[in-house]
Amino acid sequence: MSLDVSQGKLVRLGILLSGRGSNFVAIAAAIEERGLSGVEIAVVLSNREDAGGLEAARVMGLPWRAIPSKGMKRAEHDAAMIAALGEFDVDLVCLAGYMRVLTPEFVGAFPGAILNIHPSLLPAFAGLEVQRAALEYGVKVAGCTVHFVDEAVDHGVIVLQRTVDVADEDTVETLSAKILVEEHRAYPEAIARVVSGQYRVVGRRYVKV
Ligand code: GRF
């Protein structure tokens with residue numbers, strides 16, 4: 001099943017983040033500058049009250065809400081997130097530095113309509129601290145992946161990837177910064193592709209129609 005883009009209305013995005021929110025800001029900027037059309041940001045949600053991304057949403061005048069996960073059972077927290085996404089009539093969920101693994105109930109509540117961005121070329125380097133892992137492994141090309149979310153971590157169907165060359169002098173910081181530049185291009189582009197509806201998923205492959 002996939003996102004229903006047939007009604008001709010703007011697709012409502014729900015952005016989920018836990019930190020600084022630079023990918024969210026890049027998505028918002030792409031919408032503002034009309035590089036990304038057919039969508040609107042319905043709400044920005046965070047499991048952390050102190051997330052920089054929430055402050056950015058507040059400054060932009062976008063709806064936002066903190067639903068702290070601390071001390072809450074995973075199922076309970078996910079249920080609260082699903083309820084909030086429903087309240088804001090969200091069609092497409094975009095994880096943008098959301099540091100939580102979703103329950104199967106959450107994934108099942110938005111079939112084919114949850115995206116994530118990950119700072120490696122999946123399936124290499126799933127998980128955390130992946131820029132360090134890529135550097136230490138000695139890869140010569142790194143990058144980022146935007147993928148649909150399924151029940152396994154960093155695993156769903158890949159929408160697009162962007163690459164960067166790894167230089168001999170790169171550090172975790174410089175490599176992360178280079179990848180982040182590509183993330184900010186990749187996420188709006190991937191959202192545009194998904195909301196176009198011009199694709200089908202064949203096995204694990206996302207293919208244009
Ligand atoms: C990005 O590197 C993203 O790929 C990863 O978490 C980081 C979030 O950064 N999932 P930001 O909060 O969007 O600046």
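Some values worked out for this structure:
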{"read-out": "Hull shadow area, averaged, region 31-84 [alpha-carbon convex hull, nm²]", "value": "4.4"}
{"read-out": "Rounded if a/c under 1.5, otherwise prolate or oblate - region 1-117, Cα gyration tensor axes", "value": "oblate"}
{"read-out": "Nearest-20 debye value, the chain charge dipole, Cβ charges on Lys, Arg, Asp, Glu", "value": "440"}
{"read-out": "Accessible area of LEU122 in the full protein assembly, 1.4 Å probe (Å², nearest 10)", "value": "20"}
{"read-out": "Residues of the chain: accessible area per residue with a 1.4 Å probe, Å²", "value": "50"}
{"read-out": "Three-way shape label, region 90-197, alpha-carbon gyration tensor, a/c 1.5", "value": "prolate"}
{"read-out": "Fraction of the pair-distance distribution of region 11-199 above 29 Å, Cα-Cα pairs, percent", "value": "19"}
{"read-out": "Summed side-chain charge close to LEU92 - residues other than LEU92 whose Cβ falls under 15 Å, Lys, Arg +1, Asp, Glu -1", "value": "-2"}
{"read-out": "Those residues of region 7-30 whose amide nitrogen sits under 17 Å from the label point placed on PHE88, 7 Å along Cα→Cβ", "value": "10-30"}
{"read-out": "Which of ASP170, ASP78 is most accessible, then next, and so on - probe 1.4 Å", "value": "ASP170, ASP78"}
{"read-out": "Percent carbon-and-sulfur accessible area, region 11-199, ignoring ligands, DNA and RNA, probe 1.4 Å", "value": "52"}
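The values are calculated or read from the model by the stated rules, or taken from the named source; none is laboratory data. As the structure is a computational prediction, the values presented were derived from the model and not from experiment. Reconstructed Cβ throughout: ideal geometry from the backbone, glycine too, with neighbour counts over all protein chains shown. Just so you know, the surface numbers come from the protein's heavy atoms only, side chains and all, with ligands and any DNA or RNA stripped out. Shrake-Rupley method; radii C 1.70, N 1.55, O 1.52, S 1.80 Å.
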